[in-house]
Protein chains: 2
Amino acid sequence: MSGFRHVVMFRWAEGTTIGQQEEVAARLRELTGVIPEIRGYSVGLDAGVNPGSYEFVVVADFAGKDDYLVYRDHPAHRAVIDEFITPIVAERAAIQYET
Amino acid sequence: MSGFRHVVMFRWAEGTTIGQQEEVAARLRELTGVIPEIRGYSVGLDAGVNPGSYEFVVVADFAGKDDYLVYRDHPAHRAVIDEFITPIVAERAAIQYET
């Protein structure tokens, strides 16, 4: 099934706890019940296999670019970013692509 | 279905062409016929929606960590990295996580 995928990774500020990361993960997962445009949503913490890895990842699937834009700009999503992600983020890597 | 996911993004050296990126994508996709441990494999170029995005992404799914390690260290994969990716890579962001 063709679609549109958003992938984002984060590194957190020094001192960020696993609990804080799990809070971010939980808040993000709640968005799947709020934003019906989300077709698939996967959140994870780095498994610790390779040195130099990012710490946190989101892979979100949509039917198309327009549905992704609804998610990107949705107030519930922006609230999670503003309240839980921005305060602890150190580095961000993102991409969107047609699947 | 639970599993193990590897996600990697690249930024390429200045002057890298779309053709070179498509060559990397094609060579990577061939790995799905060579490494049976690959359960799912998605390769894409940035859709150009947001400024500052990475340029190229791979999302690879495996049954578990051990299968990912087979892929990571497989000679056919290392050959694609050495011949097609390393010569043009500028920046790399990666993570592995349990799905």
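Identify, by number, the condition in (1) surrounded by 17 or more Cβ atoms within 10 Å (Cβ to Cβ); (2) within 25 Å of A:Gln21 (Cβ to Cβ); (3) not hydroxyl-bearing (Ser, Thr, Tyr) that B:Met1 doesn't meet.
Failing condition for B:Met1: (1).
When the residues of the stretch A:54-79 are filtered to those that are outside any strand (DSSP E or B) and of a type in the set (Phe, Trp, Tyr), which remaining residue is farthest from the other protein chains (Cβ to nearest Cβ)? Write out each step before concluding.
The first filter runs over the stretch A:54-79 and keeps only residues outside any strand (DSSP E or B), leaving A:54-55, A:63-79.
So of that shortlist, the ones also of a type in the set (Phe, Trp, Tyr) come out as A:54, A:68, A:71.
Details: A:Tyr54: 4, A:Tyr68: 7, A:Tyr71: 12 Å.
Only one residue tops the list, namely A:Tyr71.
Considering only the stretch B:10-21, how many residues are assigned to a helix (DSSP H, G or I) and surrounded by 13 or more Cβ atoms within 10 Å (Cβ to Cβ)? Explain how you work it out, then say what you get.
Of the stretch B:10-21, the ones assigned to a helix (DSSP H, G or I) are B:18-21.
Cutting the leftovers down to surrounded by 13 or more Cβ atoms within 10 Å (Cβ to Cβ) gives us B:20-21.
Looking only at that region, the number is 2.
So that you can scan it fast, the table gives a plain yes or no per residue for (1) surrounded by 14 or more Cβ atoms within 10 Å (Cβ to Cβ); (2) without any contact (Cβ under 8 Å) to a residue 40 or more places away in the chain; (3) in contact with a Leu (Cβ under 8 Å, 6 or more places away or on another chain):
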residue	(1), (2), (3)
A:Val8	yes, no, no
A:Glu23	yes, no, no
A:Leu28	yes, no, no
A:Glu55	yes, no, yes
A:His77	yes, no, yes
A:Glu91	no, no, no
A:Gln96	yes, no, no
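Report every pair of residues separated by at least 6 positions or lying on different chains whose Cβ atoms are under 7 Å apart, first residue within the stretch A:39-51 and at the interface with another protein chain (Cβ under 10 Å from one of its Cβ atoms) and on the phi < 0 side of the Ramachandran plot, second among the acidic types (Asp, Glu) and not in a loop (DSSP other than H, G, I, E, B).
Cβ pairs passing all conditions: A:Gly44/B:Glu98; A:Ala47/B:Glu98.
Answer yes or no: is there a residue in the stretch A:26-35 that is within 8 Å of another protein chain (Cβ to nearest Cβ), among the hydroxyl-bearing types (Ser, Thr, Tyr), under 24 Å from B:Val49 (Cα atoms) and not in a loop (DSSP other than H, G, I, E, B). Full working, then the answer.
As a first pass, look at the stretch A:26-35 and keep what is within 8 Å of another protein chain (Cβ to nearest Cβ): none.
So far as the stretch A:26-35 goes, no, none of its residues is within 8 Å of another protein chain (Cβ to nearest Cβ), among the hydroxyl-bearing types (Ser, Thr, Tyr), under 24 Å from B:Val49 (Cα atoms) and not in a loop (DSSP other than H, G, I, E, B).
Are any residues in the stretch A:80-89 touching a residue at least 60 places away in the same chain (Cβ under 8 Å), assigned to a helix (DSSP H, G or I) and over 12 Å from the mean Cα position of the chain (by Cα), and if so, which ones?
Correct list: empty.
Values quoted throughout were computed directly from the atomic coordinates according to the rules given, and no laboratory measurement underlies them. If you're wondering where the values come from, they're calculated on a predicted model, not measured in any experiment. Reconstructed Cβ throughout: ideal geometry from the backbone, glycine too, with neighbour counts over all protein chains shown.
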